[in-house]
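Here is the structure we will look at.
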Amino acid sequence: MIAIHITTIMGLKALMGEKKDQTIVLSEGDTVRDALNQLCNSYGPALNKRLFDDTGALNPGIAVFVNGCVIHALAGLDSSLKNDDTVLIFPPVGGG
């Protein structure tokens, strides 16, 4: 088992019980997708709809970082996680 630290901000925090920081437990070899799916299973369909489109891809504007590196520079949602990794989930931001 591995412990992963999850940080969310702004609108996503509201969908996750107002928890900005939390730790989840995953199995060795689990991926970013596994971590996000566990969060969606815990917090319900509103979070799932916010994070993923109908094909299971991240919605446009959702950015996910592992230890400060955007997952698109790694293996995307299939990026492996290891004990004590930090995952930041960043929602789309607008304004001007």
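FYI, it's all coordinate maths here, none of it is from the lab. Note that this is a predicted model, so its numbers are computed, not measured. When we count neighbours, we look across all protein chains shown, and the Cβ atoms used for this are built from the backbone with ideal geometry, even at glycine.
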With the requirement that a residue be surrounded by fewer than 18 Cβ atoms within 10 Å (Cβ to Cβ), touching a residue at least 24 places away in the same chain (Cβ under 8 Å) and part of a loop (DSSP other than H, G, I, E, B), what does the stretch 7-37 give you?
ILE9, GLY17, SER27, GLU28, GLY29
Within the stretch 64-96, count every residue that is surrounded by fewer than 17 Cβ atoms within 10 Å (Cβ to Cβ), in contact (Cβ under 8 Å) with a residue 24 or more places away in the chain, farther than 22 Å from VAL25 by Cβ and not aliphatic (A, V, I, L, M).
3
Quick check: is even one residue across the stretch 50-63 assigned to a strand (DSSP E or B) and of a type in the set (Val, Ile, Thr)?
no
Could you grab the pairs with beta carbons closer than 7 Å, sequence gap of 6+ or different chains, first residue in the stretch 38-63 and more than 18 Å from THR23 (Cα to Cα), second one exposed (fewer than 12 other Cβ atoms within 10 Å of the Cβ)?
ASN59/ASP53
If I go through the stretch 64-77 residue by residue, how many of them are farther than 20 Å from MET1 by Cβ and either among the aliphatic types (A, V, I, L, M) or assigned to a helix (DSSP H, G or I) (or both)?
9
